[in-house]
Amino acid sequence: MSATVVKGPIPPGLEGPAPAPQKAKRGQNYKGFVAGVFSGIAKLSGNFDTIKVRLQTTDHAHFKGPLDCLMQTLRNEGVKGIYKGATPPLVGWMFMDSIMLGSLSVYRRLLNDHVFNPRSGHGGLDSPEQRKLPVVGHALAGTLAGWTVSFIAGPVEHIKARLQVQYQADKSKRLYSGPIDCLQKTASLWHGLSATLLFRTFFCFWWGTYDMFTTALKTHTNLSTPAVNFWAGGLSAQIFWITSYPSDVVKQRIMTDPLGADRKFPRWRDAAKAVYREKGWKGYWRGFVPCFLRAFPANAMALVAFEGVLRALPE
């Protein structure tokens, strides 16, 4: 079979001609998983997550806002209080981003090759040109990747959330002494999985808009490729959180709900109703500011790392 050259703009993770199309597709599958590890490492900066979760799981009487939550945490628990529950995501982000971004690259390729722009010819692989995956394809791949990683992210976020809502400064007074102890005492590790799946369905907005921002910046600016990745990654992450944040609030309520006989929210809608009953529609946006402030730099740098490693990896 003669060498095939793919022309036109290529979705991230699909770069470069290869001497044998079938082998190239199999060989490139690993790249997204490896690059995803570096994306996770790039996210290990700053930590507003504890503040976000505490605001999401308490009413206005407990904390007046993000600054009050931060100051109370520092005053009562010291700097360490801000990093409660940090170990699971620090360890998990590398693994989760590897699964999420690796599967995203695979889903993009599968959808482009078999759904949106199937190649014609012998074995469906001989077409001299393949069009770019459309925005809806990127959005669908994002949702599928979000569902895939949910089975890993669900337990990690569950443990993290339970550690973050422990307000005692004295470790001996806490129900969980750390991640391992929490893991051992939590019978239902996948508690809140359905809420996690729903939350990550909104990845369609993240990866759909990431493609849109990338295309627009490449077309209308002279920014370097890493700069395009930075701005597209940060802006698309903001769109994701604007669209998904209410579902994240409900998810955190479910994950911090007492287990066993004391359970308050047996169903997703029970938690959603409780949030509305306490504060109306504003309750679904409690804790949004620290989340929004962190989303841009963390995800912008993560996408720069991801795309940069993708380009650097050999075919």
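The values are calculated or read from the model by the stated rules, or taken from the named source; none is laboratory data. Values in this document were obtained by computation on a predicted structure and should not be read as measured data. Quick reminder, even Gly has a Cβ in these numbers, built from the backbone with ideal geometry, and neighbours come from all protein chains shown.
In the condition set (1) closer than 21 Å to Cys69 by Cα; (2) within 13 Å of the chain's Cα centre (by Cα); (3) modelled with pLDDT of 95 or more; (4) of a type outside the set (Val, Ile, Thr), Ala295 is compliant with all but (3).
For segment 156-175, filtered to residues that are over 26 Å from the mean Cα position of the chain (by Cα) and at pLDDT 85 or above, the residue that is surrounded by the fewest Cβ atoms within 10 Å (Cβ to Cβ) is Leu175. Summed over segment 182-223, residues that are among the small types (Gly, Ala, Ser) and touching a helix residue (DSSP H, G or I) at 6+ places or on another chain (Cβ under 6 Å) total 3. State all residues of segment 210-229 that are buried (at least 22 other Cβ atoms within 10 Å of the Cβ) and within 17 Å of Val309 (Cβ to Cβ); if no residue qualifies, say none. Once the filter is applied, which keeps residues that are buried (at least 22 other Cβ atoms within 10 Å of the Cβ) and within 17 Å of Val309 (Cβ to Cβ), segment 210-229 yields Tyr210, Thr214, Asn229. Selection of segment 256-278 for residues being part of a loop (DSSP other than H, G, I, E, B) and surrounded by 15 or more Cβ atoms within 10 Å (Cβ to Cβ) yields Thr256, Asp257, Phe265. Trp281 - would you say it is surrounded by fewer than 20 Cβ atoms within 10 Å (Cβ to Cβ), touching a Phe, Trp or Tyr at 6+ places or on another chain (Cβ under 8 Å) and not polar (S, T, N, Q)? So Trp281 fails the test. In segment 186-208, the condition of being among the aliphatic types (A, V, I, L, M), in contact with a Leu (Cβ under 8 Å, 6 or more places away or on another chain) and in a helix (DSSP H, G or I) is met by no residue. Taken over segment 279-297, the criterion of being touching a helix residue (DSSP H, G or I) at 6+ places or on another chain (Cβ under 8 Å) and assigned to a helix (DSSP H, G or I) is satisfied by Gly283, Tyr284, Trp285, Phe288, Val289, Pro290, Cys291, Phe292, Arg294, Ala295, Phe296, Pro297.
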